[in-house]
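These notes concern the structure reproduced below.
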Amino acid sequence: MTQTPEHHVADIVQAAGGRLVSRIRLQKIAYLLDQLGAHSGFDYTYHHYGPYSRDLDSAVLDAEAFDLVKEEFERRQSDGARYSVFKALADADAHRFGYLADRTLRDLVKRFASTNITVLELAATAHWLCQAEKVEDWEAEIRRRKGSKTEGGRLEDAKRLLAEIGLPPAA
């Protein structure tokens, strides 16, 4: 069976345990999975929060239209900012992974789903700067673009994550 982009979204949400918080997290997970060989077919460009796929955004809408996932919205207690919560609508036992047939990739989704969102953003951005933009001093560039997000050990955590999953620049 050929997997469609909306099924890729459903696979990610299902692999995350049936619930995934944040569109930014979904974008970064899909990007990192593709760098690890998942082959979603999504095209990426650089956006405010790092690698971003308009194709993936469209696939989210289709996944919801086809009743594969449900997107709900919640608000942060600290400042009231709205964020997305994706929920799988398919029965977990009946769900057959296509795009994420590789168990290693599914396990990484679970890991990424619980990784600090800023660390995940920094990891994807560091990889993008190094691989897509070919920035030699990617650390200086990420600090310039991301500012205080790189502080508090978060950039070091992002580098450690990349090294652990075998992606440059930290691999």
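The values are calculated or read from the model by the stated rules, or taken from the named source; none is laboratory data. Quick caveat: nothing in here was measured; it's all calculated off a predicted structure. For neighbour counting, all protein chains shown are included, and Cβ atoms are generated from backbone atoms with ideal geometry for every residue, glycine included. We work out accessible area using only protein heavy atoms, side chains counted, and drop any ligands, DNA or RNA first. Shrake-Rupley method; radii C 1.70, N 1.55, O 1.52, S 1.80 Å.
Tabulated data for the structure shown
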quantity: Complete set of residues in the stretch 45-55 that are under 12 Å from the mean Cα position of the chain (by Cα) and modelled with pLDDT of 95 or more; calculated: Gly50, Pro51, Tyr52, Ser53
quantity: Candidates Lys146, Lys134 - the one that is of a type outside the set (Phe, Trp, Tyr) and either crowded, with 20+ Cβ neighbours inside 10 Å or in a helix (DSSP H, G or I) (or both); calculated: Lys146
quantity: Residue in the stretch 105-115 that is among the charged types (D, E, K, R), under 18 Å from Leu20 (Cα atoms), in a helix (DSSP H, G or I) and in contact with a helix residue (DSSP H, G or I) (Cβ under 6 Å, 6 or more places away or on another chain) present; calculated: yes
quantity: Checklist (1) surrounded by fewer than 16 Cβ atoms within 10 Å (Cβ to Cβ); (2) under 30 Å from Val135 (Cβ atoms) applied to Asp79, failing item; calculated: (2)
quantity: Qualifying residue in the stretch 101-124 (condition: surrounded by fewer than 16 Cβ atoms within 10 Å (Cβ to Cβ), more than 22 Å from Lys87 (Cβ to Cβ) and in contact with a Cys (Cβ under 9 Å, 6 or more places away or on another chain)); calculated: no
quantity: Subset of the stretch 14-53 [part of a loop (DSSP other than H, G, I, E, B), among the hydroxyl-bearing types (Ser, Thr, Tyr), farther than 24 Å from Glu74 by Cα and open to solvent by 30 Å² or more (accessible area, probe 1.4 Å)]; calculated: Tyr44
